[in-house]
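Report on the following structure.
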């Protein structure tokens, strides 16, 4: 029965992720549909110059594409945070493992073994923290200021 509970949990988690992906896709589809509907309505309006409307639509599309490009350039802060968390967690566990190994090799928690093990553990933790920060900063990217007049 325990295995079925685990299976149910992972199925539910998968359903939630799939629902989020579908909701995002449907929202994007609706946005595109409204855009096409607006364009159709503008082109059927009497008394308007069609070339002016099309020029306006092209400018708006170019501005939206430039905004999407800036967002892509900025990187993904959530993904960067997850990767940085995993790197930090690995360094934390690695530091504890090194502490345990040094104490076990020394035959117990003697003052000499602790004098060696604790600085090594702290150095691993510092290195892991530094690596996690650099990973996060590298994957997140640097946000650039929007161009003037935007």
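Okay, here's what the table says:
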item	result
Estimated distance in nm for a label pair at residue 7 and residue 28, the labels positioned 7 Å out from Cα along Cα-to-Cβ	3.3 nm
Relative contact order [Cα under 8 Å, 6+ residues apart], the chain, whole percent	27 percent
Pairwise label distance in nanometres, residue 70 with residue 51, each label 7 Å out on the Cα-Cβ vector	3.1 nm
Answer label, with P(r) over Cα pairs in 5 Å bins from 0, in percent calculated from the coordinates and candidates (1) 2, 8, 14, 14, 13, 12, 12, 12, 9, 4, 0; (2) 2, 8, 8, 8, 9, 10, 11, 9, 8, 7, 5, 4, 3, 2, 2, 1, 1, 0, 0; (3) 2, 9, 18, 23, 21, 14, 8, 4, 1, 0	(2)
Where labels lie 7 Å past Cα in the beta-carbon direction, separation of residue 41 and residue 112 in nm	8.4 nm
Per-pair calculated FRET efficiency, R0 = 22 Å: residue 130 and residue 100 via Cβ, rounded to 0.05	0.45
Cα centroid separation, segment 85-123 to segment 36-70 (Å)	63 Å
Residue 61/residue 21 FRET efficiency (R0 25 Å; Cβ-Cβ; nearest 0.05)	0.50
Tensor-based shape of segment 2-73 (alpha-carbon gyration tensor, a/c under 1.5 rounded, otherwise prolate or oblate)	oblate
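FYI, it's all coordinate maths here, none of it is from the lab. As the structure is a prediction and not an experimental result, all values here were calculated from the model. Every residue, glycine among them, receives a Cβ derived from its backbone with ideal geometry; neighbour counts consider all protein chains shown.
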